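Just below is one structure, and these are the notes that go with it.
No value in this document is a laboratory result; all are computed from the given coordinates. What you see is a predicted model; the values in this text were computed from it and never measured. Methodologically, a virtual Cβ is constructed for each residue, glycine included, from the backbone with ideal geometry; neighbour enumeration extends over all protein chains shown.
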Amino acid sequence: MAAAELDYNDLLDNIFLSEENIAKESYQEGLEVGRASGDNEGYKLGYEQGLRLGKELGEIYSVVVAQQQLKHTEKLQRALQQLRTSIDQFPRDNNPKTDIIGMLQDIRKQYKYVRVLTAGKVGKATKEVEIAKSSGGAIKKAKDFSF
C-alpha cells in the first residue's frame, strides 16, 4: 500500500510541479544552445582580432627589420633592437596568465618612440592615387597609410 501512495504522490507532484519542471528543462536547453552559439561567436571574434593583431605586429616587425639594415644613430639602433626583441617575445599561443594587452601597448609605445626618433619617416607608407576631378582631369596625390 505504501508503494501505491508514493506513486500517487509522485503523480500529484508531477501535476502540481509540471510548470516548474518545464521551466527547468527549458532553462537547461536554452543554456546549452546559448553556450554553443557563444563558443562559436567567441571563436570568430578571437580569430578576427588575432588576425588584426598579427597583421599589425607583422607590419611593425617588417619596418624594424628593414630599418636595422640602414645606418642610424646608436640611440635609434638600440630602440629598434628593443622593439624587435619585444615583438620576438610576444606570445604565439593563448596563455590566460600572459598580459597580452600590456605587451601590445608596450610594443606600440616603443614603435611610436622609434617614429619620433626618425621624425615620422619610419613606417610611413605612401602610394600615389588618382583623384578624379569633375572637370575631367585627374590629380595624382600621395595617400598616407601610416597609423
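A few comments on the model shown:
- Of LYS24/LYS44; LYS75/LYS109; LYS55/LYS121, pairs whose Cα-Cα distance is over 23 Å: LYS24/LYS44
- Global geometry of segment 26-121, whether rounded, prolate or oblate, following the gyration tensor of its Cα atoms and the 1.5 cut on a/c: prolate
- For the pair GLU29 and THR98, a Förster radius of 30 Å applied to the C-beta separation gives a FRET efficiency near 0.25, rounded to the nearest 0.05.
- Local electrostatic count, GLN77, Cβ distance below 14 Å [Lys/Arg +1, Asp/Glu -1]: +3
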